[in-house]
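One structure below.
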Amino acid sequence: MTLVGRHIGRYRILEELGSGGMSVVYKGLDTALDREVAVKVLHPHLAGKDESRRRLAREARAVAKLHHPNILEVFDFSSAEAHDAFIVTEYIRGRTLKTYLDEGPLEPPELAAMIIHELAAALAHAHEAGVIHRDLKPENVMVREDGVLKLMDFGIARLLDIEDRMTVTGALVGSPAHMSPEIIEGMEAGPEADVFSLGIMFYALMTGRLPFTASNTTATLKRILDGAYEDPRRRVPTLSDELAEICATCLQRDPARRYPNAGKLRDALADALAGLGFSRVGEELISFFADPPSYQRLARQRIVAALLERGERQLAEKRTPRALACLNHVLALDATNERALGLLKSIQRQQRRRTWRKRGIRAGIGAGVALALGLGGWQVYRMNAHAPETPTVEATAPRVQDPGTKPAQVPDSPPKVSPPPADTTTPVPVEAAPTGPRPAGAQGMGGTGTSTPVRETDTPPRPERTPSRPPLVVASVEPQDDARHARTGKVPVSILVRPYGSIRVDDGPAGTQQLSQHDVHLTPGPHTITVSCGYCEDATETIDVRPDRENVFRLRALLKASQLSMDYQPQDATVRVGDVERTAHDSLQHPFDIRSPRGPASFQHRVEVEISSPGYKTEKRVVLLEPGKPTTLRGSLAPE
């Protein structure tokens, strides 16, 4: 039964906006404040349950305390005695994120990362307040006409018991493919459950399909519990390894292996996006939704430029594998990019030169060894040929002297041993030649380069054959980055600065480049890193560099404080910022000192301000302040 034309409390129902298994959403008019609102009315089978109504009131109170630009604001909710169970929220003109997803995947994938970043920022605010969403899916995200994302329906999923979700028609909170394993198993959902659902949305936005899908609900839930899905990089060649790993972390089957809360996911995405020059994510999305085709074209160009710069820097620092990854990413975005192709050709030329240099060194070593062996054989030959006074003593029997001659004197040196008896063969080992034809003389003077069995005959063995040696193993002497690091005692270190900034290492000179990623070489051990930027105070942290691991350190910039004053009417209105209160008049003389935690998503202070006075409507505002600059807000409260 429709409620259009009726009144629910002070709200007149104007039109139906949509319905689902749990509620019907109407556009309404707040007759007291004369403003449009959205009224979500629960279905009778839920509204008739006392426990559901108590949960609704509890969740509505919790969500009403949340004030974030990306969270739909709750204005009112029904009392326990009301006939209808409902929630009143701000009315949004726009489309759901589901309508954008139905048009296909977002390209480049960094756009999907931006959307998930904004939603993760909203959820981080909720998680800090102890509020879990439990029903994240594209249908519960509105894209306002100005491009601002609004997350809706906090806590609604908790109104149903797990048995109800599995049995009530349409009550499985939209699509089961967005549920986390712990919710499916009936366990209590924590922040990690929201992270899992964000991972599913992230995957869908990048690939255009859900990671866990099957022919029916039961099979879909089983796939989620099994944790098996296709690597998104198979479908999206332009997807970076970094974003793929972030998505994979969100979709871990074990909650303990995911990001512990949405704030950690937000930070990981902010680091990845800032490294490509997208530090003001909210502003980027506003531009995208205003003109998607133009923004996508420019975004690809910006990503290509950032990757080329990073690749060239890594090449200069002899980090060839990382540079190749950047260039491959560039060519996935722009297959004909001349700059990337030129860098790849340069790398190939360097590799060919190293290969030829390696072969030349090996050949030189082989020739040297051959020469040494040849000279050794020649010396043995000369010694045997010009020393008749030293007879050969056979190993099998003494040499017979002619009658009447003086027996030959045996020298003090060890006797020369003849080959084994005639019925045995002994192969002579050949000196190993790593590449190319065997050099002359490597097996003695005039050697053939093959192993030939030697048999005893009536003719003594050729004196120029020298006793065999173990095969010579020639190691590659190609200069490598590891060898260079071993010589210098330094190892590669990556320092990620959020959002971005310059760095100074220990007492060295201050850097001049404002980057989100700094690749340096440092000796193992502790180092002091100072992060600076135009909007920051110097922030110092100590890192511990180890030679036996990948050294990646995430440091956070510290924004300069801002001063906020209020030029408001009435002048005695109470202004509340955080836990600090003062009158509007006093704030002009003593501004609020606004500071932010280290490592914000962008170079702005976000502050929530509440202005109230008896007889006037309380006003709440979210203000973005530029670090290090004073700001004065002007306005007046509306009478009640």
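The values are calculated or read from the model by the stated rules, or taken from the named source; none is laboratory data. The structure presented is a predicted model; accordingly, all values stated were derived computationally and were not measured. Backbone-built Cβ (ideal geometry, glycine too); neighbour counts: all protein chains shown.
Spot the failing condition for His527; the list is (1) at pLDDT 90 or above; (2) closer than 30 Å to Phe75 by Cα; (3) touching a strand residue (DSSP E or B) at 6+ places or on another chain (Cβ under 6 Å), and only one is missed.
Status for His527: all satisfied but (2).
Can you list the strands (runs of 3 or more DSSP E) found entirely within the range 497-601 that contain at least 1 residues being more than 21 Å from the chain's Cα centre (by Cα) and assigned by TED's automatic domain parsing to the domain that holds Lys617?
562-569, 574-577, 580-583, 592-594
If I filter the range 63-74 for residues that are crowded, with 18+ Cβ neighbours inside 10 Å, in contact (Cβ under 8 Å) with a residue 24 or more places away in the chain and over 26 Å from Glu608 (Cα atoms), do I get at least one hit?
no
Pairs only if they're at least six apart or on different chains, beta carbon under 7 angstrom, first in the range 90-117 and of a type in the set (Gly, Ala, Ser), second assigned to a helix (DSSP H, G or I); list them, first residue then second.
Cβ pairs passing all conditions: Ala112/Phe202; Ala112/Leu205; Ala112/Met206; Ala113/Leu243; Ala113/Leu269; Ala113/Ala272; Ala113/Leu273.
Looking at the structure I just gave you, is Thr249 among the β-branched types (Val, Ile, Thr) and modelled with pLDDT of 90 or more?
Taking the combined requirement at face value, the residue satisfies it.
Are any of the residues in the range 346-369 modelled with pLDDT of 80 or more and either on the phi > 0 side of the Ramachandran plot or not basic (Lys, Arg) (or both)?
yes
For the range 602-640, give me the residue count where each residue is assigned to a loop (DSSP other than H, G, I, E, B) and hydroxyl-bearing (Ser, Thr, Tyr).
Residues in the range 602-640 being assigned to a loop (DSSP other than H, G, I, E, B) and hydroxyl-bearing (Ser, Thr, Tyr): 3 in total.
Out of (1) within 21 Å of Arg634 (Cα to Cα); (2) surrounded by 15 or more Cβ atoms within 10 Å (Cβ to Cβ), the odd one out for Asp572 is which?
Unmet condition: (2).
Table: residues versus (1) surrounded by 15 or more Cβ atoms within 10 Å (Cβ to Cβ); (2) of a type in the set (A, V, I, L, M, F, W, C); (3) over 19 Å from the mean Cα position of the chain (by Cα); (4) outside any helix (DSSP H, G or I).
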{"site": "Glu283", "(1), (2), (3), (4)": "no, no, yes, no"}
{"site": "Phe288", "(1), (2), (3), (4)": "yes, yes, yes, no"}
{"site": "Ser294", "(1), (2), (3), (4)": "no, no, yes, no"}
{"site": "Arg297", "(1), (2), (3), (4)": "no, no, yes, no"}
{"site": "Gln301", "(1), (2), (3), (4)": "no, no, yes, no"}
{"site": "Val304", "(1), (2), (3), (4)": "yes, yes, no, no"}
{"site": "Leu307", "(1), (2), (3), (4)": "yes, yes, no, no"}
{"site": "Gln314", "(1), (2), (3), (4)": "yes, no, no, no"}
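Looking at the range 530-561, which of its residues are out of contact with any strand residue (DSSP E or B) (no Cβ under 8 Å at 6 or more places or on another chain) and under 21 Å from Arg595 (Cα atoms)?
Gly534
From the residues in the range 316-328 that are assigned to a helix (DSSP H, G or I) and not small (Gly, Ala, Ser), which one is farthest from His518 (Cα to Cα)?
Asn328
Inside the range 329-343, can you point out the residues that are within 25 Å of the chain's Cα centre (by Cα) and assigned to a helix (DSSP H, G or I)?
Of everything in the range 329-343, those that are within 25 Å of the chain's Cα centre (by Cα) and assigned to a helix (DSSP H, G or I) turn out to be His329, Val330, Leu331, Ala332, Leu333, Ala340, Leu343.
Going by the structure shown, is Phe553 over 30 Å from Ser494 (Cβ atoms) and at pLDDT 85 or above?
no
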